[in-house]
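Below you'll find the structure, written out as structure tokens, and then a few comments.
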Amino acid sequence: MLEIIDLTRSAQYIGAGMAIGFGAIGAAMGEGYAAGMANESLCYRAENSGNVVRNMLVGQAIAESAAIFALIVSLILVFSAPSEQFVLFAWIYISAGLAMGLSAIGSGIGAGLAAGNACQGIVRQPAHSSAIIRTMLIGSALCQDPAIFGMVIAILLLFLDFSTVPLYPGWAAMLGAGLSIGLAAIGPGIGCGLAAREAASGVARNPETNTNTNRMMLVGISIAQSTAIYGFVISLLLLFTGHQENLALTASLGLLGAGLASGFGGIGPGIGEGITAAGALRWIARSSGNTGLLTRSMLVGMAVAESTGIYALIVALLLILVL
């Protein structure tokens, strides 16, 4: 019969593998996009290779930060002493890996999108490379927020004492918490990158719109990240809502369903809102006189896309607090 320490140690290894395995996907894709756009840009103006390569490396470094977060969580899982008494900790270790690994996917991709188009913008407007790079840095850095939410949940799972939580339905609450923030962070990370990508291109297209472009980028990214915040809130509720022992399968699956509802429900709105913001940012540079109109249209469109994430949030809250 498998002893508890063997079970929890095995779960640590699985969690570590999922953290860095999933976490490496987005960072590598983002870095590849940045490098591809940099090489394409150099074909137009090879004399700007210094600025382009530097921007590429900085952008790739930011995109890789999500994978570094995942590496840290993986190493903690590998080298921490496993629980010898509580089977619940096996689910906690797996959940921590999912929270960190899945949440890093979108952030890595998003940061790479911003870096790639900034490289392209530098060869178009070498005299304004500093403004383009500044926009890229702001956008790429904000793309990391969803991954940071995932890392926070992973750290809470690994370092807080859950020994008083009953196995049933505690296992479902722990697993649901990891899936909620892990899945919900994917869409916002990508959506933020879509907005930041068009902001960098917009500044290159019309540097005079730099201020308006950056302002709208910040607004768009803030809204696109909202469903990651919903997923983060549901994760916290699943972790800290007092769970009484209940052996009924429905009690456990209700909590797991809450995590899935919030997690999957956050993917589409995050990407959709990023597409909306990107469209507005693309046209500010071309029609700066219509900034007010574009802003209003963007906000209305993002609000409608947000509604589906709110539906998922309501269902998740019902499953945790009512049913």
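The values are calculated or read from the model by the stated rules, or taken from the named source; none is laboratory data. Please read these numbers as outputs of a predicted model, since none were measured by experiment. For neighbour counting, all protein chains shown are included, and Cβ atoms are generated from backbone atoms with ideal geometry for every residue, glycine included.
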_Kindly evaluate I314 against the criterion of being under 27 Å from L218 (Cα atoms), of a type in the set (V, I, T) and touching a residue at least 12 places away in the same chain (Cβ under 8 Å)._
no
*Test result for A312, buried (at least 17 other Cβ atoms within 10 Å of the Cβ), farther than 30 Å from P126 by Cβ, of a type in the set (G, A, S) and at pLDDT 95 or above*: yes
*For R286, all conditions in the list (1) of a type outside the set (S, T, N, Q); (2) more than 30 Å from T213 (Cβ to Cβ); (3) not in a helix (DSSP H, G or I) hold save one; what is the number of the exception?*
(2)
*What number of residues in segment 261-276 are more than 30 Å from G202 (Cα to Cα) and either outside any helix (DSSP H, G or I) or within 16 Å of the chain's Cα centre (by Cα) (or both)?*
4
*State yes or no: is A96 under 28 Å from E273 (Cα atoms), touching an Asp or Glu at 6+ places or on another chain (Cβ under 6 Å), touching a residue at least 60 places away in the same chain (Cβ under 8 Å) and of a type in the set (A, V, I, L, M, F, W, C)?*
no
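Kindly indicate whether any position in segment 136-158 is farther than 19 Å from L57 by Cβ and modelled with pLDDT under 95. Before the answer, list the steps.
Going through segment 136-158, the residues farther than 19 Å from L57 by Cβ turn out to be 142, 145-158.
With the extra rule that they be modelled with pLDDT under 95, the set shrinks to none.
No, there is no match, as no residue in segment 136-158 is farther than 19 Å from L57 by Cβ and modelled with pLDDT under 95.
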*Going through segment 163-175 one residue at a time, which ones are among the hydrophobic types (A, V, I, L, M, F, W, C) and not in a helix (DSSP H, G or I)?*
V165
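Any idea which of A131, A154, A104, A115 is touching a residue at least 40 places away in the same chain (Cβ under 8 Å) and within 21 Å of G242 (Cα to Cα)?
Only one candidate passes the filter, namely A154.
Looking at this structure, is V203 among the β-branched types (V, I, T) and closer than 30 Å to W171 by Cβ? Step through it out loud before you land on a result.
Numbers: among the β-branched types (V, I, T): yes; closer than 30 Å to W171 by Cβ: no.
It is false that V203 is among the β-branched types (V, I, T) and closer than 30 Å to W171 by Cβ.
Does G15 meet the test of being farther than 30 Å from A200 by Cβ, part of a helix (DSSP H, G or I) and within 27 Å of the chain's Cα centre (by Cα)?
Working: farther than 30 Å from A200 by Cβ: yes; part of a helix (DSSP H, G or I): yes; within 27 Å of the chain's Cα centre (by Cα): yes.
It is true that G15 is farther than 30 Å from A200 by Cβ, part of a helix (DSSP H, G or I) and within 27 Å of the chain's Cα centre (by Cα).
Among the listed residues G274, G301, which satisfies the condition of being buried (at least 23 other Cβ atoms within 10 Å of the Cβ) and either on the phi < 0 side of the Ramachandran plot or at pLDDT below 95 (or both)?
On the way: G301 fails: buried (at least 23 other Cβ atoms within 10 Å of the Cβ).
Only one candidate qualifies: G274.
Go through the residues of segment 238-250 one by one and say whether even a single one is aliphatic (A, V, I, L, M), surrounded by 20 or more Cβ atoms within 10 Å (Cβ to Cβ), closer than 18 Å to A63 by Cα and more than 13 Å from the chain's Cα centre (by Cα). So that I can check it myself, show each step before the final result.
Just the residues of segment 238-250 that are aliphatic (A, V, I, L, M), to begin with: 238-239, 247-249.
Then keep just the ones that are surrounded by 20 or more Cβ atoms within 10 Å (Cβ to Cβ); that gives 238-239.
Next, only the ones that are closer than 18 Å to A63 by Cα stay: none.
No: segment 238-250 contains no residue that is aliphatic (A, V, I, L, M), surrounded by 20 or more Cβ atoms within 10 Å (Cβ to Cβ), closer than 18 Å to A63 by Cα and more than 13 Å from the chain's Cα centre (by Cα).
Could you please find all residues in segment 30-44 being in a helix (DSSP H, G or I) and more than 28 Å from the chain's Cα centre (by Cα)? Walk me through how you get there before you give the answer.
Pass one, segment 30-44, residues in a helix (DSSP H, G or I): 30-42.
Correct list: L42 only.
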